[in-house]
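*Asks:* Have a look at the structure that comes next, please.
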Amino acid sequence: MRAPGPWTCAAAALAVVAALWVTAPAWSEPPVRFVRTGADPLAPAPGPRELRGPAPAPVRYAYRPVCGDGTEACEHWILVSTRGERWWLPYGFGDGPLALSRDGTRAAYWHRKEWRYAVVDLARGTTTFLPEDLPRPHDPGAGGQAPLFSLDGRYLLVAEERIDVDTATVVPGPLRVVDVAHGGVRRLPRGERAAGWTGRGLALVTVERAGRSPGHVTSGSYVVRSPDGAVVGRAELTGGLAAKAVPSPSGETLATVATELTPAGPAFRGVVLTGTRTGRPARTVVPRLPAGWRVDRIARWEGEDALVAETRGPHHELAYHLLGLTDGSASPLGLDVPPPDDPPTALLDPSLTAPPDDTRLVIGRVR
């Protein structure tokens, strides 16, 4: 008899394999699983919850939620950690201002049960209540000054303000600096606007106008006061630069958003850096933002070589970028903030300047 050829043997082997595939029990081999290298995008993120005890990670930012379902999370500022957890603080409702320290380990807010300021050490889970005679804050959305931590988190700036019943706006009053650990309060002179904290103290700006004509700013005074109120630095600035200047941590440089009025509306020209020693612009940095994007507001400095900026896209998208001052780089920070239900009027009219969004978002630890 003739031996079977190679093709006949191969066909027989395939037949045996097919028979085994059909007759083998379904549980004999586990199903194939695909392993994801990152988090499953289909898995819903855990919802915000009340923070009880220490936070397992620093807070990166906080925002006011936009929702109307009546849940507790809709009534509070939502704190987002560097790991993505979301919490709210007890009796800290969203109609009042909130402050975060730069390292994301402290939060200050108006405590609705104790009816005074509370400062929470997020790393330890402890709460310190500030003196009861501190004035109740007003909503920054009406023009109020939000509380502001010093660079080291030791001091807190609060404002004494009142509401003008005719215009429904906040009338600024004296500023107060509170020693968080000891409760001591220092009252600062009237008429000075807080520009931000430096390593030497609080930077304040006073703007002078020419005559009674609105909008004709001629000069501005830049003063740095130590926490006890003493003047430790002073400079004279061009009024247009002083009005919205933000000081660097050293206090040596001010950053101002430069815009130019055109027939189509305000055009963003860059960020002007002014030296406080000379009071004159040193240079202008034009960030390398995507096409159609512009800087609306400088939220703060991040060291001496970068800025955290609020930016707007061509369709009024809101984002936050880290702007490098040496090379003009613009890195998105990825702060996930729900958009408002109705855009502000200024966003619907390109001839108007968009209002700052610090009434809806506060930044803690960036990097």
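*Asks:* Taking all pairs of different Cα atoms in segment 112-196, averaging 1/r and flipping that mean, what Kirkwood radius in angstroms comes out?
*Replies:* Numbers: mean 1/r = 0.0726 Å⁻¹.
Taking every pair of different Cα atoms in segment 112-196, averaging 1/r and inverting gives 13.8 Å.
*Asks:* Note down the accessible area of LEU151, probe 1.4 Å, to the nearest 10 Å².
*Replies:* Taking all protein chains as shown, LEU151 has close to 60 Å².
*Asks:* So how far apart, in nm, are the two label points at ASP305 and ARG124 if each is 7 Å from Cα heading toward Cβ?
*Replies:* Here the modelled spin labels are 3.5 nm apart.
*Asks:* Sticking with this structure for a sec: Just how large is the dipole of segment 235-323 about the Cα centre, in debye to the nearest 20, putting +1 at every Lys and Arg Cβ and -1 at every Asp and Glu Cβ?
*Replies:* Values: 10 positive and 9 negative charges, 38 e Å.
Dipole size: approximately 180 debye.
*Asks:* Using r as the Cβ-Cβ distance of LEU261 and ASP327, and R0 as 22 Å, what FRET efficiency do you calculate, to the nearest 0.05? Can you show the working numbers first?
*Replies:* Numbers: r = 29 Å, r/R0 = 1.31.
Calculated transfer efficiency: 0.15.
*Asks:* Still on this structure, I have one more. For segment 269-337, which whole percent of the accessible surface, found with a 1.4 angstrom probe, sits on carbon and sulfur atoms?
*Replies:* Numbers: 1610 of 3240 Å².
With neighbouring chains kept in place, the figure for segment 269-337 is 50 percent.
*Asks:* Which value in nm describes the separation of the simple spin-label points at ASP179 and ARG288, placed 7 Å from the Cα toward the beta carbon?
*Replies:* 4.8
*Asks:* In addition: State the volume of the convex hull built on the alpha-carbon positions of segment 64-103, expressed per residue in Å³ and rounded to an integer. Spell out each step's value before the answer.
*Replies:* On the way: hull volume 3.4 nm³, N = 40.
Looking at segment 64-103, the number lands at 84 Å³ per residue.
*Asks:* Roughly how many Å² of LYS244 are accessible to a 1.4 Å probe, to the nearest 10?
*Replies:* Approximately 150 Å² for this residue.
The values are calculated or read from the model by the stated rules, or taken from the named source; none is laboratory data. On a predicted model such as this, the values are computed, not experimentally measured, just so you know. Cβ sites come from the backbone with ideal geometry, for glycine too, and all protein chains shown count toward neighbours. These area figures cover heavy atoms from the full protein model, side chains too; ligands, DNA and RNA do not enter into them. Shrake-Rupley method; radii C 1.70, N 1.55, O 1.52, S 1.80 Å.
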